[in-house]
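Novice: Okay, here's the structure, questions in a sec.
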């Protein structure tokens, strides 16, 4: 209070007072307590006790603050130290109101006003009116509160004191809020912030932003609350205001909690506890801890619920162990149901990482041979000089090192299924033997004249365009047509982006089961990032990214930054091609350069350009043609559909992809009906 200004020189002899002025309350309290015990000057001891009471009040220890103020007030009465007595009585009223004894506090204020108002300096009179106004507000005596605050504002304007004016505006905002006038409350709170910022006082700026954030928090405007509280925390940390930092962090945690950002909420609640402990806020520790416990309990409930939902979604999305809801993958699962029970060979075509082996396993499970043996051999992984022996077997002496007869994989798979992966890599001289097995179910072991009969169903897979291989002379035409009797084309991941969320959920469920420590989920931003990324390695790449992000992410949430860290970076050649080629959209269906549609060769091959002559094709003009056609089609769909969801459904693409394409083509929705 200004009534104590005459003793400032005396106060400044106290180290505790200097620390109090720096708002280092915990350290100031330790020094002041020492001065109370050891200082020989009674006056100095009592002044130290008065400021120790102020420290206790700020740190939330109200009983100690009350006890010290009563002791100092008693001494001041005996010593006829009227300014100190006035300060003690005033602060006792403040303490009682803070303790919840508002009626008692108001009684002390009224008594103080009766005894000392005529002797008060204008500054102290304004402070009295401010505290009276706040107390009347808390007691719902709104008329009296408004009268006190109006008088305080007149005094603050006369004094041209920005500090007093800031608090007058803020307390008026609280009054309006209690009266239910939220717009008026916000206006006064914003005026308080503007006044504080104009004054340049870091404490007033910090506190006004904090109070405005509290107003937004109570009004349910959580994003605005976060914005104001963030500014307050930044200023408090820069100025070293530990008490204000801790309180703001606690409110910041609640604001994040209300927006559903549980990981951030927990992090800030923990920081509030640590900061409060360092500041000596023992009385507030229970409140901060309660915040953390409530957030943690909600997080546990949330993750248990998410875990249950994820498990249910995972089960409902699985069909033959194939995960997804998209139309593209539904066609595949329907083909498995249709062709699985047959006995014909099946050709599975798809890019690397699209799940060819998984489909063959599903076909096997759906076939009458599911009780038999399932064998797999990768034609690209077997050395060319050993592949014939591996597949068809050999007799003793058939070649150097053949010391005994050996059954080939076809004999071992008799009565079951043989999956030949990378069939396009099979040497040409062995393709005729494979064709004979397909046609007649018979073959000769290497070095043997004896014909062997087997009953084996063949599943073959490749990521090559076998029609191109036929033209190039690398694959037998008759074998191609025999294998191509039944064909299943696996869509790349870019053609089934709507399945990414389900696939991610499936992979996370497996990882959570594997690392039975805690349950992790993907944030919305991370999922949107994945849905807009082009997976060159398809599902395998997605699975690897999720696993890496799961293992390296901190906390229970996997963020966009966690997944982006493992995205493939373009090679120098790709970068050069991108820089020199015409602008190309990130098309899911047909914008890949020389690997386009390698997963699904067309049945009519008359116009296909041989691989060795492809460099002669005008790639740029082709891309421009595709871009133009796609833009026209997008405009057509936009005219027909009245919502983004409907447009995405017709186009069979996700919302992020839809918006990406609009942006790439320079199409704006501002004049469209879609929202």
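Quick note: the coordinates plus some simple rules give every number you see, no bench work behind them. None of the values given here were measured: they were computed from a predicted structure. Every residue, glycine among them, receives a Cβ derived from its backbone with ideal geometry; neighbour counts consider all protein chains shown.
Novice: By average Cβ neighbour count within 10 Å, what is the ranking of 433-440, 148-155 from highest down?
Specialist: Values: 433-440: 16.6, 148-155: 20.0.
Top to bottom by mean Cβ count within 10 Å: 148-155, 433-440.
Novice: Would you mind calculating the gained length between residue 286 and residue 396 on full extension (0.36 nm times residue separation, minus the Cα-Cα distance), in nm to one decimal? Show your work: numbers first, answer last.
Specialist: On the way: separation 110, 0.36 × 110 = 39.60 nm, distance 8.35 nm.
Gain on extension, residue 286 to residue 396, equals 31.3 nm.
Novice: Multiplying the sequence separation of residue 404 and residue 187 by 0.36 nm and subtracting their Cα-Cα distance, what value in nm do you get?
Specialist: 68.7 nm
Novice: In whole Å, what are the Cα extents of region 493-564 along the three principal axes, biggest one first?
Specialist: The principal-axis extents, from largest down, are 35, 21, 17 Å.
Novice: Antiparallel versus total DSSP beta bridges in region 322-489: what percent is that, nearest 5?
Specialist: Restricted to region 322-489, the bridges split so that about 25 percent are antiparallel.
Novice: Quote the relative contact order of region 378-462 in percent (integer), defining contacts as alpha-carbon pairs under 8 Å separated by 6+ residues.
Specialist: 36
Novice: Extending each Cα 7 Å along its Cβ direction at residue 640 and residue 652, get the distance between those two points in nm, one decimal.
Specialist: Each label point lies 7 Å from its Cα, and together they span 1.4 nm.
Novice: Can you tell me the relative contact order of region 121-200? Whole percent, Cα pairs under 8 Å, sequence separation 6 or more.
Specialist: 28
Novice: Taking the Cβ-Cβ separation of residue 556 and residue 179 as r and a Förster radius of 60 Å, what is the calculated FRET efficiency to the nearest 0.05?
Specialist: Calculated transfer efficiency: 0.90.
Novice: What is the spread of the Cα atoms of region 405-495 along each of their three principal axes, largest first, in whole Å?
Specialist: 48, 28, 21
Novice: Right, another one. How large is the Rg to Rh ratio of region 1-113 when both quantities use alpha carbon positions and Rh follows Kirkwood?
Specialist: Here the Rg-to-Rh quotient is 0.95.
Novice: A further question follows. Extending each Cα 7 Å along its Cβ direction at residue 514 and residue 147, get the distance between those two points in nm, one decimal.
Specialist: 7.4
Novice: With the Cα gyration tensor of region 322-489 in hand, give its eigenvalues times 5 under a square root as the equivalent ellipsoid semi-axes, listed largest first in whole angstrom.
Specialist: 28, 18, 14
Novice: Averaging sequence separations of C-alpha pairs under 8 Å and six or more residues apart, then dividing by the length of region 1-113, give the relative contact order as a whole percent.
Specialist: 18
Novice: So for region 121-200, what percent of the C-alpha to C-alpha distances run longer than 20 Å?
Specialist: 25
Novice: Given the peptides 458-465, 481-488, arrange them by the average over their residues of other C-beta atoms within 10 Å, most packed first.
Specialist: So the peptides 458-465, 481-488, ranked by packing, come out 458-465, 481-488.
Novice: Could you check the simple spin-label distance between residue 34 and residue 330, using points 7 Å along Cα→Cβ, in nm with one decimal?
Specialist: Here the answer is 7.7 nm between the modelled labels.
Novice: Provide the packing ranking of 104-113, 87-96, 162-171, i.e. peptides ordered by the mean count of other C-beta atoms within 10 Å per residue, highest first.
Specialist: Ranked by mean Cβ neighbours within 10 Å, highest first: 162-171, 87-96, 104-113.
Novice: Could you quote the convex hull projected area for region 179-244, Cα atoms only and averaged over all directions, in nm²?
Specialist: It is 4.3 nm².
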